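What follows draws every value from the coordinates through simple rules; no lab data is involved. These numbers were taken from a predicted model, which means no experiment stands behind them. No Cβ is skipped: glycine too gets one built from the backbone with ideal geometry, and neighbour counts run over all protein chains shown.
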Amino acid sequence: MICSNRALAFIMTLVILVPIFGCETKADIEAREQEQQYSFINRSIEGYQKGIAIFHEMDFAHPDQQKAKEASLAFFGGTPDHVRMSERTDCASTIANVCPNAEALYYTANCLEIIAEWGGIEKGITVKNSMLLHYAGLIPENYNGPLKKKVLELRNQIFDINENVVKPKKAAQEARHKQLQAEYNRTYSERVAKMSADDPYYDEEFYTAGNYKEDYDDDSYRSKRREDRERHRQSGGGTRRWRN
């Protein structure tokens, strides 16, 4: 009887707990999913607005690296890449509407971060050539979004400096290198001939005539070996025979 009462009490406990910890209803699932969507969209909007505020205050001619990095992170929340990575494709169209041109602004922030890190566009292109030009190239040429003037001026300036400053300097350096290499190649035989005249060991005929003598003994190893052999010979080592 006691066992039956305990079993009944256990069953009643389950009946009470099932509504609390049991399976969610369809309405519960939909409500939770909707709440997650709103939360994701709101975070993207907040980040986007933060990035816009940073860009309004920032001097694009002399960008601050930390602020540029903050803007990059802020804008990333509104990019298609972030939507795909988070698997929130159900929010893609909404975010595209509430965070217009977030992707172009994200690439702009990356450009500014590189420029700030290396102290200017020319140095940024020279050191981070592929990355800076890559990000600048991803900004649409006909960009027509927030901060249009500042964004397009930066984009055009990057490509202008690359064409009119960086490329000519690089071409001049390559031409100079070729000139020096040609001069080196032209005088190579003359230098070898001079070395042969100064030192007969450079002369191939001297080698074939049997005149070569290995005298390189930087660590005095061979000299020591010769001395050891001489002491050994004088002491009779190697020449004595066993006697009865």
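At-a-glance table
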read-out: Residue selected from the range 94-106 under the condition of a type in the set (A, V, I, L, M) and more than 16 Å from H56 (Cα to Cα), by the criterion surrounded by the most Cβ atoms within 10 Å (Cβ to Cβ); value: I95
read-out: Complete set of residues in the range 107-123 that are without any contact (Cβ under 8 Å) to a residue 24 or more places away in the chain and either assigned to a helix (DSSP H, G or I) or closer than 20 Å to P80 by Cβ (or both); value: I114, W118, K123
read-out: Where a residue in the range 44-57 is at positive phi and its partner, wherever it lies, is of a type outside the set (S, T, Y) and in a helix (DSSP H, G or I), with Cβ under 8 Å and at least six apart; value: none
read-out: Some residue of the range 31-52 being touching a helix residue (DSSP H, G or I) at 6+ places or on another chain (Cβ under 8 Å) and of a type in the set (D, E); value: no
read-out: Residue within the range 107-118 that is over 19 Å from the mean Cα position of the chain (by Cα) and crowded, with 19+ Cβ neighbours inside 10 Å present; value: no
read-out: Top-ranked residue in the range 75-106 [being polar (S, T, N, Q) and assigned to a helix (DSSP H, G or I); ranked as nearest to the chain's Cα centre (by Cα)]; value: S86
read-out: Failed item, numbered, when L147 is tested on (1) touching a Gly at 6+ places or on another chain (Cβ under 7 Å); (2) in contact (Cβ under 8 Å) with a residue 60 or more places away in the chain; value: (1)
read-out: Single residue of the range 125-162 satisfying the filter (assigned to a helix (DSSP H, G or I) and among the aromatic types (F, W, Y)) that is farthest from E57 (Cα to Cα); value: F159
